[in-house]
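So the structure is just underneath, and the comments pick up after that.
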Amino acid sequence: QVQLVESGGGLVQPGASLRLSCAASGRAFGRRNMGWFRQAPGKEREFVAAIDWTGGNTAYADSAKGRFTISRDNTKNTVYLQMNSLKPEDTAAYYCAADRGFTSIVRSSPSSYSYWGQGTQVTVSS
């Protein structure tokens, strides 16, 4: 089992930056692929970024590519999402997710992830 707690969300103006953190507890964090997803009211949960357990392979949604960076620190059991040049359409609850572990394949489907945090709200508004 693994527990995930997101933090770092907030209310910012367009063009600002935020760094989201996901603190993990439980077993085998260092062998799990991790992802960030977001969900706006009335919309499906949407893939944002993912990183494999080594930290060497990443994947991004087109909407995030070039603006967002996912990273992880396995010594701290933490995954990060650095978000720059935020836009109003980035407004959503952001969720951290972990897969079942022990695979290097990064996946973008929410169904590929077994564990989820409670979410942290990001609001981008002028």
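The values are calculated or read from the model by the stated rules, or taken from the named source; none is laboratory data. This structure is a prediction, so every number in the text was calculated from the model and none was measured. Don't worry about glycine lacking a Cβ; one is built from the backbone with ideal geometry, like all the others, and counts go over all protein chains shown. Areas reflect the complete protein model, heavy atoms only, side chains present, ligands, DNA and RNA absent. Shrake-Rupley method; radii C 1.70, N 1.55, O 1.52, S 1.80 Å.
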Please pick out the residue among 35, 66 that is of a type outside the set (D, E, K, R) and either assigned to a loop (DSSP other than H, G, I, E, B) or farther than 21 Å from residue 111 by Cα (or both). 66
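With the structure loaded, tell me whether residue 40 is open to solvent by less than 20 Å² (accessible area, probe 1.4 Å), touching a strand residue (DSSP E or B) at 6+ places or on another chain (Cβ under 9 Å) and among the hydrophobic types (A, V, I, L, M, F, W, C) or whether it fails that test.
no
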Matching residues, the range 51-81, being open to solvent by less than 60 Å² (accessible area, probe 1.4 Å), in contact with a strand residue (DSSP E or B) (Cβ under 6 Å, 6 or more places away or on another chain) and closer than 18 Å to residue 9 by Cα: 64, 68, 70, 71, 72, 78, 79, 80, 81
Give me the residue from the range 1-20 that is in a strand (DSSP E or B) and open to solvent by 30 Å² or more (accessible area, probe 1.4 Å) and, out of that set, farthest from residue 108 (Cα to Cα). 11
Within the range 86-110, count every residue that is open to solvent by 50 Å² or more (accessible area, probe 1.4 Å) and within 15 Å of the chain's Cα centre (by Cα). 2
